[in-house]
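Undergrad: One structure follows; several queries about it will come next.
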Amino acid sequence: MAEGYVTADRFIDLTVLAEERVAELNVRNPNYLPANIEHVLRTIEDRLRHKYAIPFPPAHPTIEGWIVCIVQARAALRVGIDPGDPGYAECVRLAEQADTQIAEASKPESAAWNIPLISATDGSAISKGAPFGYAEASPYTWTDVQYEEGTSG
């Protein structure tokens, strides 16, 4: 479950949530953080698959940061933080900032993040631009077939 990207201990190191709140969440629902980390990771991969090499390098700091920023806002609600709390507003701001950065990273002209790009031999790209069909027939074969059909009837 995304352990190569963000472990529970690493999440505690990077989050703005209090360590006690994260520990409480892990006791009440030990699968919550791993499941959400996995979900967010797969979502990021889906959004960036057309440009970057998937899977990402393990424990890449940019990817870790994006995951933590997005998951901590969800985790804050799960542990019962009041949505009107200024700390929760900061979690939401960080999640929105991460989402904006992911959107920027997905743009073809963007080069602000040091994430490995897709190489020509990488199989993770959505499409390689190869031809979808092949035939050895002349491009005018259809006219010969049409002529034969018209004269034999």
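Derivation of every value follows stated rules applied to the coordinates shown; laboratory data play no part. Keep in mind the model is a prediction, meaning the values are calculated, not measured. Cβ sites come from the backbone with ideal geometry, for glycine too, and all protein chains shown count toward neighbours.
Undergrad: For the chain, state what percent of all Cα-Cα pairs lands in each successive 5 Å bin, counting from 0 Å until the bin that includes the largest distance.
TA: In whole percents, the pair-distance histogram is 2, 8, 15, 16, 14, 9, 7, 5, 4, 3, 3, 3, 3, 3, 2, 1, 1, 0.
Undergrad: Dipole magnitude of the chain about its Cα centre, charges +1 at Lys/Arg Cβ and -1 at Asp/Glu Cβ only, in debye to the nearest 20? It would help to have the intermediate numbers written out before the result.
TA: Values: 12 positive and 22 negative charges, 53 e Å.
Using only the charged Cβ atoms, the result is roughly 260 debye.
Undergrad: Place +1 on the Cβ of every Lys and Arg and -1 on the Cβ of every Asp and Glu in the chain, take the dipole about the Cα centre, and give the residue among 81, 142, 32 whose Cα lies farthest towards its positive end.
TA: My answer, from the dipole projection, is 81.
Undergrad: Please build a GNM for the chain, connecting alpha carbons under 10 Å apart, and tell me which residue among 108, 139, 57 fluctuates the most.
TA: Greatest mean-square fluctuation among the candidates belongs to 139.
Undergrad: Moving to a separate point now. Pairing the Cα long axis of helix 86-106 with the longest principal axis of the chain, what angle in degrees results, from 0 to 90 and rounded to the nearest 10?
TA: Here the helix axis deviates by roughly 20 degrees.
Undergrad: Just to confirm the number: angle between the C-alpha axis of helix 19-28 and the first principal axis of the chain, 0 to 90 degrees, nearest 10?
TA: Roughly 70 degrees, rounded to the nearest 10.
Undergrad: In degrees between 0 and 90, to the nearest 10, how far off the longest principal axis of the chain does helix 32-48 point, with axes built from Cα atoms?
TA: 40
Undergrad: From Cα pairs below 8 angstrom and at least 6 apart in sequence, can you work out the relative contact order of the chain, rounded to a whole percent? It would help to have the intermediate numbers written out before the result.
TA: Values: 130 pairs, mean separation 41.3, N = 153.
27 percent.
Undergrad: Turning to a different aspect of this structure: By the scheme Lys and Arg +1, Asp and Glu -1, what is the net charge of all other residues having a beta-carbon under 15 Å from that of residue 93?
TA: Numbers: positive: 74; negative: 85, 90, 96, 99.
The answer is -3.
Undergrad: Shifting gears a bit: Only helical DSSP H runs with n ≥ 4 go in: add -39500 (n - 2.57) per run for the chain, normalise by residue count and round the 222 nm mean residue ellipticity to 500 deg cm²/dmol. If you can, show how the numbers build up before the last one.
TA: Working: 6 runs with 85 residues, N = 153.
Theoretical 222 nm ellipticity from helices: -18000 deg cm²/dmol.
Undergrad: Name the most mobile residue of 110, 138, 119, meaning the one with the largest mean-square fluctuation, in a Gaussian network model of the chain with Cα contacts below 10 Å.
TA: Result: 138 has the largest fluctuation of those listed.
Undergrad: Still on this structure, please answer the following. For residue 90 and residue 117, what is the calculated FRET efficiency with R₀ set at 35 Å and r taken between the beta-carbons, to the nearest 0.05?
TA: On the way: r = 32 Å, r/R0 = 0.92.
E between residue 90 and residue 117, to the nearest 0.05, is 0.60.
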